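Report on the structure given below.
Laboratory data are not the source of any read-out in this text; all were calculated from the coordinates shown. For clarity, every value in this text was computed on a predicted model and none was experimentally measured. Cβ atoms come from the backbone with ideal geometry, glycine included; neighbour counts cover every protein chain shown.
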Ligand code: ADP
Ligand code: MG
């Protein structure tokens with residue numbers, strides 16, 4: 001299913017195409033048509049699944065009709081933190097670039113003067129944190145009775161931060177006939193109660209985590225000796241079911257090597273790895289998208305956000321070192337309701353990493369291939385040393401791309417929540433994601449132990465396509 005099937009206007013579709021999204025995420029598919037129909041709705045999906053566009057896109061089309069009046073915002077989006085509010089505002093700017101909608105951002109820690117001026121003129125969308133909103137409302141600077149569409153975003157975090165009473169108060173000041181949307185990653189009882197009280201017969205749209213529970217991806221594990229990995233890969237690429245594949249490797253040196261080896265075997269193959277110029281990477285990715293090549297060998301730098309329709313196979317030539325990377329890699333197939341196959345080549349020495357992946361996904365991957373006994377003597381004589389560098393020689397963790405989860409918690413929260421308001425881990429804000437780790441010194445071509453971590457992540461490959 002494409003964005004065009006969701007009933008959005010041409011201008012919006014253009015803006016969405018400009019932002020580089022190939023297809024709507026599951027939650028977007030579930031949410032957008034109902035919002036356009038004016039229904040109340042509860043949307044439940046993990047962080048990072050695209051909930052923002054799920055409400056911002058239809059809101060732009062809804063608000064396109066009608067005009068704003070002074071001090072009476074026509075719609076309102078409540079966010080728990082100013083960072084999230086700012087991100088939603090960015091989304092409005094990005095998707096609303098072919099529309100003339102006015103917007104005001106009411107967040108703590110920012111001079112109130114400009115925000116009040118914007119409100120005085122009248123806005124189509126008010127994006128606010130509850131604290132600042134109540135503040136202005138209390139001073140009579142804002143009238144809520146013209147607000148016919150309310151979004152309560154990140155409801156579970158609102159709860160963590162003690163904002164539920166504020167939200168109840170805000171809800172009771174809005175017109176009864178409004179449309180209300182509530183989004184949350186989880187639905188603890190207080191949020192269910194809130195929804196029951198302030199939403200009118202809401203439709204419940206739930207999308208599970210893309211890869212972990214994506215039934216559209218058939219996962220397989222091929223057990224193979226290290227020296228037979230390339231043969232196994234070629235067999236897969238020649239199989240009848242094969243259409244096209246992204247082949248992941250842990251190291252850029254392997255990416256290079258594998259790409260040339262497959263080329264010699266007659267495959268139409270390209271590569272994306274960190275030593276390439278960005279323009280070269282874009283060119284390779286385009287060739288893959290345009291079906292000029294049907295095998296793209298990639299390092300993890302390409303795993304996040306690569307959005308190609310109809311990738312039939314994801315092949316892990318190496319078992320990823322980080323279980324999270326497995327999820328990101330296999331998520332390149334089985335998108336938008338299509339089925340996909342994810343095949344991982346695993347040697348006996350990969351047992352530990354495979355176990356970590358299965359623990360994370362809660363899913364035992366079906367095995368095929370030769371029965372490899374991970375006995376000690378088996379390891380010794382079967383596996384040449386260079387097939388896998390000893391742990392110590394790998395690139396130290398810090399020089400890898402930092403992971404979101406470990407980011408410092410810099411989120412500024414509104415003050416009223418009190419001591420129990422320790423914010424949960426900050427979602428990736430634009431500001432947090434942009435800075436790339438400093439690039440390490442260039443390494444010798446034959447350095448096998450650099451972990452292949454390709455330096456800065458090119459922004460065009462980032463899922464944040466703005
Ligand atoms: P959530 O609110 O569910 O945590 P966001 O709305 O912040 O998630 O979206 C997470 C990321 O996914 C953002 O970087 C956004 O730009 C990107 N994104 C949203 N929709 C799509 C899509 N259809 N295709 C690709 N990326 C998308
Ligand atoms: Mg969100």
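Can you give the translational diffusion coefficient of the stretch 125-247 in µm²/s, computed by Stokes-Einstein from the Kirkwood radius over Cα pairs at 10 °C and 1.306 mPa s? List each step's numbers first, then the result.
Numbers: Rh = 18.8 Å.
It comes out at roughly 85 µm²/s.
Expressed as a whole percent, the proportion of Cα-Cα pairs in the stretch 3-206 lying more than 25 Å apart is 30%. Return the whole-Å distance between the Cα centroid of the stretch 169-198 and the Cα centroid of the stretch 214-278. Comparing the Cα centres of the stretch 169-198 and the stretch 214-278, I get a distance of 48 Å. Counting pairs of Cα atoms in the stretch 9-98, how many percent are more than 21 Å apart? Across the stretch 9-98, Cα pairs with separations above 21 Å total 31 percent.
What separates the Cα centres of the stretch 39-114 and the stretch 311-368 is a distance of 37 Å.
Using the number of other C-beta atoms within 10 angstrom as an exposure proxy, rank 11, 83, 292 with the fewest first. Don't jump to the answer; show the numbers that get you there.
Numbers: 11 16, 83 23, 292 11.
Going from sparsest to densest Cβ surroundings: 292, 11, 83.
Sorting 247, 116, 311 by the number of Cβ atoms found within 10 Å of their own Cβ, with the fewest placed first, yields 116, 311, 247. Cβ-to-Cβ counts within 10 Å put 102, 249 in ascending order as 102, 249, the fewest first.
Where the alpha-carbon atoms of the stretch 217-376 are placed on the principal axes, they occupy 45, 34, 31 Å, in descending order.
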